[in-house]
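Trainee: Sending over a structure as structure tokens; questions will come in a sec.
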């Protein structure tokens, strides 16, 4: 999708500090971090939100995105103390880019409830 920020990152049109990549997903540092470690993990194909990952292919992509998030968190040294994986769907949840993405947050104690 030509006007999607994250699709443009996937295409290499916009630079990102990429930490991990697979055929189905990319993990990179958030440009506005909310924790000492704040990664964003996106599918390489455009899906607007979790609700748009339909059928077996959608489930496969979600699994790959989540797996890459866990791998990136581990490689960032977050396993020992823990981390949070968050996805927002829609404006009331705070989704600001309409491309499915997971936030991996760690490196400090995270409050609950989150917001």
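Each value in this text was obtained by applying a stated rule to the coordinates, not by laboratory testing. Everything numeric in this text was worked out from a predicted model, so none of it was measured. Note: ideal-geometry Cβ built from the backbone for every residue, glycine included; neighbour counts use all protein chains shown.
Trainee: In percent, how large is the relative contact order of the chain, given Cα pairs closer than 8 Å and 6 or more residues apart?
Mentor: 30 percent
Trainee: Mind sorting 104, 97 by how few other Cβ atoms lie within 10 Å of their own Cβ, fewest first?
Mentor: Least crowded to most crowded, the residues run 97, 104.
Trainee: Classify segment 1-87: rounded, prolate or oblate, from the alpha-carbon gyration tensor (a ≥ b ≥ c, eigenvalue square roots; a/c under 1.5 rounded; otherwise prolate if a/b is larger than b/c)?
Mentor: oblate
Trainee: Separate question: Please give the length that would be gained between residue 31 and residue 70 if that part of the chain were fully extended, namely 0.36 nm times their separation in residues minus their C-alpha to C-alpha distance (nm, one decimal).
Mentor: Stretched out fully, the residue 31 to residue 70 stretch lengthens by 12.1 nm.
Trainee: Picking from 90, 63, 55, which is most flexible by a Gaussian network model of the chain using Cα springs under 10 Å?
Mentor: Top of the fluctuation ranking is 55.
Trainee: Could you work out how much longer the chain between residue 21 and residue 46 gets when fully extended? Use 0.36 nm per residue separation minus the Cα distance between them, nm to one decimal.
Mentor: Additional length available on full extension: 7.4 nm.
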